[in-house]
1. Restricting attention to segment 77-91, which residues are buried (at least 16 other Cβ atoms within 10 Å of the Cβ) and out of contact with any strand residue (DSSP E or B) (no Cβ under 8 Å at 6 or more places or on another chain)?
2. Count, please, the residues in segment 225-247 that happen to be closer than 24 Å to residue 52 by Cβ and touching a residue at least 40 places away in the same chain (Cβ under 8 Å).
3. Residue by residue through segment 570-605, note down the ones that are touching a residue at least 60 places away in the same chain (Cβ under 8 Å) and out of contact with any strand residue (DSSP E or B) (no Cβ under 7 Å at 6 or more places or on another chain).
4. Under 8 Å between Cβ atoms, at least 6 apart or on separate chains: pull out the pairs that start in segment 721-733 with a residue that is over 14 Å from residue 582 (Cα atoms) and end on any residue that is buried (at least 17 other Cβ atoms within 10 Å of the Cβ) and modelled with pLDDT under 85.
5. Name the single residue, out of those in segment 676-735 being more than 13 Å from the ligand (Cβ to nearest atom) and of a type in the set (S, T, N, Q), that is modelled with the lowest pLDDT.
6. Quick check on my filter: what residues within segment 568-590 are part of a helix (DSSP H, G or I) and basic (Lys, Arg)?
7. Can you tell which of 522, 492, 475, 481 is under 30 Å from residue 366 (Cα atoms) and surrounded by fewer than 16 Cβ atoms within 10 Å (Cβ to Cβ)?
8. When segment 665-675 is examined, which residues are found to be more than 7 Å from the ligand (Cβ to nearest atom) and part of a loop (DSSP other than H, G, I, E, B)?
Amino acid sequence: MKPISSDNSLPTLDEAPRFALSRVDSEQAPRFTRRFRTRIFFYITALSLATSLTSAGIFTWRQTIHIDLDRDRRAKTLLTGLATHADIAAYAGDQALCELASRTTLDEEDVGMVAIYDRRGKEILERSKINSEHPAPDPQAMRLMLGNPDAAPIKIPRATFHDLYAPIVTFVRDPADAMVEPGIGSLRREVVGVARVGLLLEQGQRQVIEVILWGVYLAMGILLLGVFAAALISRKVSRPVAELTLGADLIRAGRLDTRVNIQSKDEIGQLGYAFNRMAARLAETMAALEALNRDLEAEVARRTLTIQRAAAFTALLNAPVRQRGSSAMAPRMDTGEWTVMGGKMLPTAHASGRASGALAQLLDKALRALMEGSESRAAAILLVDEESVEFALEVSWCVGVVAREIGQIPTEDELSREAAWYDSRRLVVPLHMGDELAGCILLFRDSLPPTDRVQFATHAASQLAIAVSNVLAYAHQIHLARELRERNVALAKQRDQLEEMNRLKSEFLANTSHELRTPLNAIMGYSELIADGVYGPLTPEQQDALTGIEESTRNLLTLIDNILDLAKVESGKITLHHDEVELRELVRGVLTEAAPLAKHRPYQPELDAPRPVTLRTDGPKVKQIVTNLVSNAIKFTPEGQVQVAVGQDAGGQAFIRVRDTGIGIRPEDQRIIFEEFRQVDGSYTRTYGGTGLGLAIARRFAELLGAELSVESALGVGSTFTLRLPKEPPAPTTREVPIIAGPGAGTGPRQTRRPITPPPVPPLPPSVRKPPRP
Ligand code: ADP
């Protein structure tokens, strides 16, 4: 225990608060301007003052009351005495007797005046020591005294005395009884006069002044005692507090050996004891903390170094490596030679191995960093031989050691079992890529490395494994990219060939169609001539055969027309002619032309067009789309209803809707029906004829017009095909068509292709009419 005292160059107790304040001030603490001791002193002094004043006040008040009571008692005694002595004198009205009776009373020091009045209130005697005042008797008091023998004495306060009155009573016998026999008869009390005494106040006032003086002495005495007690208590109480304050401040300032010396058996002493224990505990804790801090600093320094090494190693692995050669692995190199890396001779040691290019660069840099980090003289890395069927490690790179000197190669079992181990003057660190064993690193040094060096090597190994895998993956990617480039070139060549083939196909189709049309038209013309009997009359069998020829020829012509249309669209040869077109009239025309198709049907197609709809578009193309839709609707609706609606939707877009209650289309078939030559029933035994081109052409035309053709259908319920036309025709663009028409055509990438020109159609013989398109 080291008490605070002046000899250890600390401030004295009186200076302590200031000392504490100055220290605290420097840290911008709140300002402590009052002293605890002064406050206690003033509190107790104020309390003493209040006590002294109260005591003096109470003392004076009680004494004054006693003085007053005394005076009243004395007044009563004097009056009673005077009245008793003067009863005969008053009864007799004799002044001399009255003089005698009142002398004793007047001789009293505090009696200033004596007077006796007879039963009528007339003055018998009046003697006074008071020169200035001779007040006449109070009439009311006189009346009261004379009227009642039992009246209590009355006091009337005057300026310098109390004016006191009492009745003078005597016992008298009834005169009638006295006449009969003296001494016999009843006595009665009778007022025979009034006694008056003037009791001087001077003596009482002197007594009061004396009492007040004693009160003041009392107050001063108590106050003095209080001040003395305040000084004593404040000193007693504040001293330990000041000592504790100073002690706390010194501890805060770092003087942990500070102790307080408080010799007291009460709570203050307990506080001092607790303070000292706390200070001792604090000193112990601080010492422990300092020791811990020193250890921690050393640990932090060690870890910082490890982290720095790891960071440097990571940076090294992440540094871009220059790609040299196409492969990361090259044939086994001659070992034990000095190697030139990056145009420089390797400065420290031999560097060799099977790796080459980027991998060799990476392994060389990594091994050198590992050697430095683990303070090894040489290093080697062994990677799993991917080409070997069984597990085998091959020396991929060595620095400072040649492959034949690396010693025994660790087994797969050892590498899978241990994290790292030291044997034969080398540290063996396994390399893992994920869960797979990728090889190991050998670090050659003459002693077991410290733990942190082993940790560094282990951590670095896991990073190196990733880097090696990345380099290998990168090399593999480069290889793949090269292959991909070669395949792209081949594909581009194929694409050009296909494009050319497609162009030739379209040309062939256009030419063939044209070549087929000419003889077919001729066949139809000649058939009609025969049917008309130009070449003689016909038998009914011949007529039937001719009808068959005509029908087959018409179908063939339709097919050829369709193929020609498609070829034209594909070749981009179609030119659009936009004009004002009234859709209701257009549809009416289509229905008129399609009427023969429904001649064997139990219904006729209906038109639902309440008002005309006019817009700019290519009329013939729209007509062909609607013709194809209507002819399909009639074809696939053996009985029921076909209705064509023309109108505009809420947004003002024109539409033509062909609705039938025919066989309907399954949802999965609705996707394919717009493709060329696709039919829901494509079998030879199908019920309905057709080529599978009508909807394909309709959709191609719709696309050209900027329109949209869609279908809604349910099997066995019917189908609705809707053509939505744009308000304005689309701006003319260079049309691109797919290279290969087929499933998915029109949605995949498009290539611009050279247009083909279909040959002109030769005119029909004058007598031959072109049959209506079915
Ligand atoms: P097709 O010449 O065969 O009619 P389309 O391209 O016009 O060729 O139609 C393709 C196929 O779509 C038809 O074979 C038919 O199976 C189906 N299809 C077209 N329109 C209808 C329809 N209104 N009702 C039912 N099936 C239809």
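1. 81, 85
2. 11
3. Hits for segment 570-605 are 571, 573, 574, 576, 593, 596, 597.
4. Close Cβ pairs (under 8 Å, with a partner that is buried (at least 17 other Cβ atoms within 10 Å of the Cβ) and modelled with pLDDT under 85) do not exist here.
5. 734
6. Step one: filter segment 568-590 for residues part of a helix (DSSP H, G or I), giving 568-571, 583-590.
Answer for segment 568-590, where residues must be part of a helix (DSSP H, G or I) and basic (Lys, Arg): 568, 584, 588.
7. Numbers: 522 fails: under 30 Å from residue 366 (Cα atoms); 492 fails: under 30 Å from residue 366 (Cα atoms); 475 fails: surrounded by fewer than 16 Cβ atoms within 10 Å (Cβ to Cβ).
Criteria check complete, one pass: 481.
8. Those that are more than 7 Å from the ligand (Cβ to nearest atom) and part of a loop (DSSP other than H, G, I, E, B): 666, 671, 672, 674, 675.
The values are calculated or read from the model by the stated rules, or taken from the named source; none is laboratory data. These numbers were taken from a predicted model, which means no experiment stands behind them. Note that each Cβ is placed from the backbone with ideal geometry, even for glycine, and that neighbours are counted across all protein chains shown.
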